[in-house]
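What follows is calculated from the coordinates using simple rules that are stated; it is not laboratory data. On a predicted model such as this, the values are computed, not experimentally measured, just so you know. In this analysis, Cβ positions are derived from the backbone assuming ideal geometry, glycine residues included, and neighbour counts consider all displayed protein chains.
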Amino acid sequence: MSTKFEKAIQLIDNENSKDIRKESFDSKEYPKELLYSYRMTDKLLEFQPNASDELKLAARAQHINRWKIARSTYSMDRVGYLKWREALKKMHADITSSLLAEVGYDSDFIDRVVFLINKKLIKKDAGSQILEDVVCLVFLEYYFDTFSKKHDNNKLIDIVKKTWNKMSKKGQESALKLHFSDKSMLLIKQAIS
């Protein structure tokens, strides 16, 4: 018999398995958001081995069904980007809340997971900060090199500065231990200097 936690993970994975966008990694193809959720879990357990179940589920569900709200449905400026991100957070929280209720979690547990998914009180709430650090580390390790090919250096430096400022000291130290291309490492050094 599976535990509530295992059932919740399975339901989250089932949702992310529906992503028709694919990404290859280690000679295997994955639904894009399923691979992202695996990376979030792995990075969380590496960064915070004793993470709570609430934090583990928030990390796993961080991008649940993300493909359902396209970036192009919002204006392609900073305001549109922020509105899109808020709509995504609400959707991720609503879907996850429903799945957690389905497996029998109580409202306090669900509220905490939703709080974490929304990354409330970063810098003040330890769980929110850990999740933000993990989000940033996953971005830097797995997505920054590809992302950097699509944008000019000034924009990339600005993005890295913003990312860096959201991270804790421990998160920043972990980021500097990641393996980057020479170009990415140069951009990161420029951004944090």
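Summary table
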read-out	value
Mean separation of Cα contacts under 8 Å, 6 or more apart, over the residue count of the chain: relative contact order %	18
Amide H partners (placed H, <5 Å) of Q62, local residues excluded	none
Read-out Rg and Dmax of the Cα atoms in Å, derived from the coordinates shown; its label in (i) 24.1, 70; (ii) 18.9, 56; (iii) 16.7, 53	(iii)
Estimated FRET transfer efficiency (F25, L176; beta-carbon r; R0 30 Å; 0.05)	0.85
In range of the label at K4: residues from segment 44-86 whose backbone nitrogen is under 14 Å from the point 7 Å along Cα→Cβ	53-55, 57
Which of I20, I110 has the fewest Cβ neighbours within 10 Å, and the rest in rising order	I20, I110
The chain: calculated mean residue ellipticity at 222 nm from DSSP helix runs of at least 4, using -39500 (n - 2.57)	-20000 deg cm²/dmol
Segment 126-193, dipole about Cα centre (Lys/Arg Cβ +1, Asp/Glu Cβ -1), debye to the nearest 20	140
Residues of type aspartates and glutamates that K18 reaches as a straight line, Cα spacing below 13 Å, ignoring anything fewer than 8 places off in the same chain	E33
In Hz, Karplus ³J(HN,Hα) per residue of segment 187-193 (6.51, -1.76, 1.60; θ = phi - 60°; x = Gly, Pro)	4, 5, 5, 5, 5, 9, 7
Student exercise, segment 93-161 dipole from Lys, Arg, Asp, Glu Cβ charges, in Debye to nearest 20	380
Reach of K155 by Cα under 17 Å, taken over aspartates and glutamates that are not fewer than 8 positions away in the same chain	D77, D145
Ranked list, fewest to most other Cβ atoms within 10 Å of each Cβ, for M185, M91	M185, M91
Residues whose placed amide H lies under 5 Å from that of L176, excluding near-sequence neighbours	none
Total charge dipole magnitude, the chain, about the Cα centre, Cβ charges on Lys, Arg, Asp, Glu only, Debye to nearest 20	760
Residues V103, V114, V134 arranged by fewest to most Cβ contacts within 10 Å	V103, V114, V134
